[in-house]
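The values are calculated or read from the model by the stated rules, or taken from the named source; none is laboratory data. No experiment lies behind these values; they were computed from the predicted model shown. Cβ placement follows ideal geometry from the backbone for every residue including glycine, while neighbour counts extend to all protein chains displayed.
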């Protein structure tokens, strides 16, 4: 569909459902069209549920029929006046005007969504290539052998994709990074001892374009983005270690996922500045409204976030807290509010778990960490302490024997757990240095969990599966996969919700269960995580004229309290697929994305 223009897509839509065109064309008003379309959809839906339906739909495969039912439900949502009011848009109006020849500017993104929905409604989704697999017609060993061959095709396809993404243990990548390390050490006049000292990396974090250009080759677009960051005072910084992980700046090669995380784009910088000038908040999660006291965020009954520090060894462009994260030289620990926060936790005995994060708390000294973790551990009602840190990836030398001794002091099996929650985005971040850090932690009996942010740069077919496989070998358990926060300035990173749902169903599901332990979630501002695999937690309520979907999320409390739903405008599937196509992806592998709602 992406190769067709808007006129061809409109023609495809009318051919798929001629009755739709007749209803729209013969209606004098949008309300008349709405009534006719509801009757039409209800008639189709009834035939999908009737065993002895006289319509051609009764011959559909049960899976195709199930998809048709989902399409019917979505289409009825799209023409509801309630959701037109909520979204400020009307898919029905766009279709009505299009049928009258009065909507020549109808977007290809919108028309692709409509064509997919009506194709699915009639069992023409193209999801399934044929009837039942041949092995289902056999029994015994013959069936088993044919089934095994069938599964081999899945596995071979997976391995083909895994080989594209590489890992931090690939020989060619290790050699290129060794050369980068040597160049960076020479520039700073550093010894091997200095390189292995985490404090040296924190002191020498790169935060200006002039230095960066001397150390790595940048594309023109990357230079433009960093120049704007400096102009607008948008903080960015990269540790020398993480800079040594940079590979070729070729946008189609393996190094792209790492570079994009820390190099602010021009679009990002302009978005931040525009928000600042307009007075708009960059606090997507509205942490200001979930902070009962300074340094604490609380969204759930038993756990809270404690933030002692507002910087990190390096700054991730897509960070949900980009509005409050500072450069290292501008950050400081303010002990008075931190002491008040600790007193607040001590008095609230219903809290059983504390996530110490920030910023990255492992940026701080061993003595400070010993003090703050010890202060939390002394509270008898605290059963678990999590440490949220990216240092395993950004400066793995931070995981020293002394630090591990401090952490293990507060990890007491049967009484209190201490665990690490980290944030690995791509298999090429998993290096020998990171393995050494993870091994040191795991040998102390401390668990490590990963929270991946699912961004454009790790969203290709089986790319996140490649990460999961490597994580488990490093002793890291996949925990959450976060849909990228809906922050306008981070649009470069955002991926349609349908893609993370597709990844879970068609890719993650093919891995052994012990490797796919993460749960895909969407973070609802103020209220917290909503599970993306659960129909009852969200629904598609509108498709905007530009092709973007609008979802309604029902928060985790929705069966406990009458909390309001949250309406979210996603990025366009059409635009996402066009971007993948530009990057050389085979779009046939993503063809089912339209049917994830």
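Does residue 9 satisfy the criteria of being surrounded by 15 or more Cβ atoms within 10 Å (Cβ to Cβ), assigned to a helix (DSSP H, G or I) and at pLDDT below 95? Yes, satisfied. Just one of the listed residues (579, 552) is in a helix (DSSP H, G or I) and touching a residue at least 12 places away in the same chain (Cβ under 8 Å), namely 579. Just one of (1) part of a loop (DSSP other than H, G, I, E, B); (2) touching a strand residue (DSSP E or B) at 6+ places or on another chain (Cβ under 9 Å) fails for residue 386. It is (1). Restricting to segment 533-556, and then to whatever is modelled with pLDDT under 95 and surrounded by 15 or more Cβ atoms within 10 Å (Cβ to Cβ), can you tell me which residue is nearest to residue 593 (Cα to Cα)? Filtering segment 533-556 for residues that are modelled with pLDDT under 95 and surrounded by 15 or more Cβ atoms within 10 Å (Cβ to Cβ), the one nearest to residue 593 (Cα to Cα) comes out as 537.
Taking the conditions exactly as written (outside the structural domain of residue 298 (by TED's automatic domain parsing), at pLDDT 95 or above and surrounded by fewer than 22 Cβ atoms within 10 Å (Cβ to Cβ)), does residue 477 satisfy them or not? In short, no. Note on segment 52-99: enclosed helices (runs of 4 or more DSSP H) holding 2 or more residues that are closer than 22 Å to residue 502 by Cβ and in contact (Cβ under 8 Å) with a residue 12 or more places away in the chain are 62-78. Can you find a residue that is assigned to a helix (DSSP H, G or I) and modelled with pLDDT of 95 or more anywhere in segment 244-257? Yes - at least one qualifying residue is present in segment 244-257.
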